[in-house]
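Inspection log for the structure reproduced underneath, given as structure tokens.
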Amino acid sequence: MAGVVIIGAGQAAAQTAASLRQEKFEGPITIFGEESEFPYQRPPLSKDYLAGKISVEKTLVRPAEFYDSKNIAVNLSAKVEEIDLAQNTISTTLSETFKYDNLVVATGSRARELIIPGHELNGVHYLRSLKDVDAIRNEMKTAKEICIVGGGYIGLEVAAVATILGLKVTILEMESRILKRVTTEKMSEFYHALHAKKGVDIRCSTQVQGFEGEGSVSSVITKEKTFKSDMVIVGIGILPNSELAQKAGIDCENGILVNENCQTSARNVYAIGDCSNHPNPILNRRLRLESVPNAMEQARVAANNILGGDKKYSTIPWFWSDQYDLKLQMLGFSADGETSIVRGEVSEEKFAVFYLSNEKIVAVDAVNSPKEFMLAKQLYGKRADPEQLSDVNYDLKKMLN
Amino acid sequence: MATIRFIEFNGTEHLVSGANDSSLMEAAVTNLVPGIDADCGGECSCATCHVLIDQVWRAKLDQPSEIEESMLDLNPDRTEDSRLSCCIPVTEDLEGITIKLPEFQY
């Protein structure tokens with residue numbers, strides 16, 4: 001029996017292996033990961049790990065001993081070069097060919113690169129892997145000024161950590177407002193004001209034209225101004241790692257196309273996590289998500305189907321972001337709402353914005369408001385009275401009855 | 001280090017050993033105890049590691065934080081025994097603790 005081969009060693013890969021064992025699969029499970037670390041969680045990389053609050057061990061999805069104890073073979077620093085669908089094999093840089101009965105492609109995503117003059121200078125970083133963050137942390141110890149290209153969640157989380165560590169932070173955003181791709185004007189304004197209050201210099205509608213420096217970066221060039229900078233973090237989005245699957249002839253379009261069972265167009269081949277483009281039956285459209293909860297659920301779905309089940313993917317996307325002492329929890333997509341209702345006080349940094357479409361809740365952005373987030377999780381797609389939602393004295397629990 | 005007994009909703013028992021620098025959630029996940037999803041990895045952001053701990057054992061634990069309390073408050077399966085297992089560190093004092101799992105995680 002060739003068993004299950006998993007390409008990629010991130011959160012989705014680790015969860016697939018764990019779910020297979022949990023569901024009593026006893027055949028071989030083999031993971032191939034390009035990085036040298038056991039599967040780790042990426043969300044803390046731009047938060048607590050960057051801030052030096054937690055150890056590498058704490059970022060691991062499961063302790064390193066877990067894999068041996070559950071008879072899961074983990075091949076690290078191993079790049080998969082080809083999938084041969086006709087032979088049911090993969091070839092790797094370990095100069096071996098491995099056979100599979102079922103293949104799970106969990107290749108994740110990579111940082112979108114900014115190819116402009118000076119991009120190869122030392123001190124210009126992306127933030128995607130543990131190694132990236134180790135290098136960033138090291139430079140932050142001596143840097144005084146840092147420029148962050150891109151005002152998305154990664155950029156803002158790094159800005160918060162760098163500010164707390166005492167660096168002078170500048171965010172350069174190409175769009176007219178930060179977080180424009182992912183949230184509403186109201187939330188953009190709130191986070192802009194929050195960072196400005198902490199001393200972050202945010203420049204919107206600002207296109208970076210190049211980096212300059214002798215060997216390592218010392219300034220960032222924009223049309224209007226040159227910013228002095230000892231280091232740069234580029235956070236301008238991520239791209240799905242779907243090339244390997246595409247080369248093998250698996251259908252891809254903005255990620256690897258899968259059905260509700262996480263199956264690709266190739267027999268016995270599944271794709272899960274950031275690299276998958278999947279149908280969401282609740283939102284009634286296809287999505288490609290950069291999200292841990294999605295990776296975890298797709299892993300469970302794939303594992304179940306590999307073992308002959310028929311579990312279908314059906315969950316509401318949700319995300320979180322920690323900046324300073326604020327916890328932001330988001331459910332659904334605010335762009336799906338036609339109206340918005342604020343509950344709580346924006347000035348007190350404790351509020352939630354509910355987004356409604358046809359009087360039904362379709363999204364929430366909850367800042368230090370876990371109750372509101374939990375309410376939306378349960379009332380998603382259901383009618384909610386706007387007056388009750390906006391009245392902080394109204395007990396939300398009553399809405400669940 | 002403590003020996004922890006997890007009991008699934010269907011009655012299946014799992015006796016596992018939890019390390020001191022881990023949480024009850026991590027002890028469950030590392031030992032493949034079904035019924036704890038822990039989607040956020042222990043950030044107290046998702047409430048999918050809901051467990052039930054009886055009063056005797058609960059008395060040995062720190063009170064839930066405001067965030068944990070809020071995350072639990074709107075959980076449909078909430079009882080007075082409800083806690084989030086990612087928020088409870090394993091200590092020697094918990095040797096022999098019994099933890100029940102709810103039917104669903106929301």
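The values are calculated or read from the model by the stated rules, or taken from the named source; none is laboratory data. Computed from a predicted structure; not experimentally measured. Heads up, the Cβs are rebuilt from the backbone with ideal geometry, glycines too, and the neighbour counts pull from every protein chain shown.
Points to keep in mind about this one:
- Only a single item in (1) under 10 Å from the mean Cα position of the chain (by Cα); (2) buried (at least 21 other Cβ atoms within 10 Å of the Cβ); (3) of a type outside the set (S, T, N, Q) is not met by B:Ala47, and it is number (1).
- Those strands (runs of 3 or more DSSP E) of the range A:91-182 in which 1 or more residues are of a type in the set (Gly, Ala, Ser) occupy A:109-111.
- Evaluation of A:Phe25 against (1) in the same structural domain as A:Gly249 (by TED's automatic domain parsing); (2) assigned to a loop (DSSP other than H, G, I, E, B); (3) within 25 Å of A:Glu139 (Cα to Cα); (4) not charged (D, E, K, R) (one fails), failing number: (3)
- Number of residues in the range B:62-106 that are more than 21 Å from B:Glu13 (Cβ to Cβ), more than 14 Å from chain A (Cβ to nearest Cβ) and not in a helix (DSSP H, G or I): the value is 4.
- Matching residues, the range A:379-401, being surrounded by 15 or more Cβ atoms within 10 Å (Cβ to Cβ) and facing another protein chain (nearest Cβ under 10 Å): A:Leu379, A:Leu396, A:Met399
- Among the criteria (1) of a type outside the set (Lys, Arg); (2) farther than 23 Å from A:Arg128 by Cβ; (3) within 12 Å of another protein chain (Cβ to nearest Cβ), the one A:Val5 does not fulfil is (3).
- Applying the criterion of being in a strand (DSSP E or B) and surrounded by 18 or more Cβ atoms within 10 Å (Cβ to Cβ) to the residues of the range A:61-74, the residue that is farthest from the chain's Cα centre (by Cα) is A:Ile72.
- The single condition among (1) more than 14 Å from every other protein chain (Cβ to nearest Cβ); (2) surrounded by 17 or more Cβ atoms within 10 Å (Cβ to Cβ); (3) more than 20 Å from the chain's Cα centre (by Cα) that A:Asn304 does not satisfy is (1).
- Every residue from the range A:179-216 that is hydroxyl-bearing (Ser, Thr, Tyr) and in contact (Cβ under 8 Å) with a residue 24 or more places away in the chain: A:Thr183, A:Thr184, A:Tyr191, A:Ser205, A:Thr206, A:Ser216
- Filtering the range B:31-42 to residues that are surrounded by fewer than 21 Cβ atoms within 10 Å (Cβ to Cβ) and facing another protein chain (nearest Cβ under 7 Å) leaves B:Leu32, B:Pro34.
- Residue count, the range A:127-175 (criterion: closer than 19 Å to A:Phe227 by Cβ and among the polar types (S, T, N, Q)): 3
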